[in-house]
1. Along the range 99-116, what does the Karplus equation 6.51 cos²θ - 1.76 cosθ + 1.60 (θ = phi - 60°) give for ³J(HN,Hα), rounded to whole Hz, x for Gly and Pro?
2. Given 0.36 nm per residue, what is the gain on full extension from Val109 to Ile83 after removing their alpha carbon distance, in nm?
3. Straight-line reach from Lys11: which aspartates and glutamates fall under 17 Å, measuring Cα to Cα and dropping same-chain residues less than 8 apart?
4. How big is the range 50-121 by the Kirkwood estimate over distinct Cα pairs, in Å?
5. So if we plug the beta-carbon distance of Leu122 and Asp76 into 1/(1 + (r/R0)^6) with R0 = 30 Å, what FRET efficiency do we get, rounded to 0.05?
6. In Å, what Rg and Dmax follow from the Cα atoms of the range 82-125?
Amino acid sequence: MDHWISKVTHKSSREIAEKLKNEFDTDKAKEAFQRLVAFKDKTWGNLPDLEWAAHKSTLRAQTDIVKEYSERMIRDLVMNKEILIMTNQPSQAAKYIQRRYPYPEELAVRAISIAYDTLTQLHFL
């Protein structure tokens, strides 16, 4: 790469580095950095953080989701005797559950929808 740079610029990489070093304005760089940080804080500062995500009221909503998804499974396994299918073929139980209850995909779609709604409400989209 060093050879390519020299060929294009007709200067050695050391000469280019020295020239950049002499022309680099540290005060302007600091000001640009501060502006970028201020922009980041203004733009992204309103996003929920980990503390919000771990708050009891936030987690309470997840409890409702777990209840909603587990009720169907429990009803099928106990009331509709689906448990017999799994006990007859225990080696296939995991595949059966994944096929019959595709919750990860449903929850992923739901999470994307919630994220979109949240970002829209926060005026990021």
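Every read-out reported here was derived from the displayed coordinates using simple, explicitly stated rules and does not represent laboratory data. Bear in mind that the values here come from a model prediction, so they are computed numbers and not experimental data. So basically every Cβ, Gly included, is an ideal-geometry build from the backbone, and we count neighbours across all protein chains shown.
1. In residue order, the calculated couplings are 6, 6, 10, x, 4, x, 5, 4, 5, 5, 4, 4, 5, 5, 5, 5, 4, 4 Hz.
2. Contour length minus Cα-Cα distance gives 6.6 nm.
3. Asp2, Glu23
4. Evaluated over the range 50-121, this radius sits at 14.4 Å.
5. 0.20
6. Computed over the Cα atoms of the range 82-125, radius of gyration and Dmax are 17.4, 53 Å.
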